[in-house]
Amino acid sequence: MSDMSQQDLHATKRSWDKPEGASFEQWMDGRIARFSTRKYDWNALKFQADYDQKYRRAQMRYIGTGGTGVSSDTATIPSEHFTFSTMIIPAGHEGPPHVHVDVEEVFFVLRGKLKLVLEKDGERYETILTDRDVVSIPPGVYREEINIGEEDALMCVMLGAAKPITPTYPPEHPLAKIKRG
């Protein structure tokens, strides 16, 4: 790396850099997102639930805004390389099949029973995830999670970019034809 590119790298403001004029305490306080200050956002994916109530679920953002594209949430911790949120999927509800073309996505099930369906190039894989199971799904693999349990499922969701490309649906899926608000 040339001296110039190292200087450019250090001149770039990153989300984790200490804000000018902030004390160490203020800086670190700004890197904490407490459960008590979060609210479940049942509207983040409302366009899906408006199509069919089985897609109704809620996101609680902690780091970045996730793949839902809710950039108006300023209470999240900024990040350079990933997002982190929790999601509630009510019993009988599901996350529709979708694909992230640019990032891997991680689901860590805190509680509940989810049927996970993965598809790529005509191949299909299904499994059941329960408490404390985790999966890392590569880019380009369709994923669908269905709550087959009798209680709300709660999971952590991580995406491998600060602002991932908006996910898409299989071309034949009805949600692929819906314009997002």
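A Gaussian network model of the chain, with springs between Cα atoms under 10 Å, assigns the largest mean-square fluctuation among ASP50, ASP131, ASP121 to ASP121.
Coupling constants for region 73-80 follow from the phi torsions by the Karplus curve (6.51 cos²θ - 1.76 cosθ + 1.60, θ = phi - 60°), and in residue order they are 7, 8, 8, 8, 7, x, 9, 8 Hz; glycine and proline get x. Ignoring the sites themselves, the chain has its longest run without GluC sites (Glu not before Pro) in a DSSP loop having at most 14 other Cβ atoms within 10 Å at 81-149. Taking 19 Å as the cut-off, the amide N atoms of region 90-109 that come nearer than this to a point 7 Å along the Cα-to-beta-carbon line of SER136 belong to 100-109. Using a Gaussian network model of the chain in which every pair of alpha carbons under 10 angstrom is joined by a spring, one finds that among ALA33, ALA44, ALA58 the greatest mean-square fluctuation is at ALA33.
In the structure shown, do any of LYS39/LYS115; LYS54/LYS179; LYS113/LYS179; LYS54/LYS113; LYS46/LYS113 have a Cα-Cα gap over 21 Å, and if so which? Spell out each step's value before the answer.
Details: LYS39/LYS115 26 Å; LYS54/LYS179 19 Å; LYS113/LYS179 31 Å; LYS54/LYS113 16 Å; LYS46/LYS113 23 Å.
As for pairs spanning more than 21 Å Cα to Cα, those are LYS39/LYS115; LYS113/LYS179; LYS46/LYS113.
Just want to confirm a number: the relative contact order over region 39-177, from Cα pairs under 8 angstrom separated by 6+ residues, in percent. The value is 30 percent. Of all the options LYS46, LYS54, LYS13, the one that moves most in a Gaussian network model of the chain with Cα springs shorter than 10 angstrom is LYS13. From helices alone, the chain scores -3000 deg cm²/dmol at 222 nm; the rule is -39500 (n - 2.57) for each run of n ≥ 4 DSSP H residues, then divide by the residue total. Taken one residue at a time, the phi angles of region 103-116 give Karplus couplings (6.51, -1.76, 1.60, θ = phi - 60°) of 9, 7, 10, 10, 10, 10, 7, 7, 7, x, 9, 10, 8, 9 Hz. Gly and Pro are set to x. Cα centroids of region 134-181 and region 13-84: how far apart, whole angstrom? Comparing the Cα centres of region 134-181 and region 13-84, I get a distance of 17 Å.
Any read-out appearing in this document is the output of simple, stated calculations on the displayed coordinates, not a laboratory observation. These numbers come from a predicted model, not from an experiment. Note: ideal-geometry Cβ built from the backbone for every residue, glycine included; neighbour counts use all protein chains shown.
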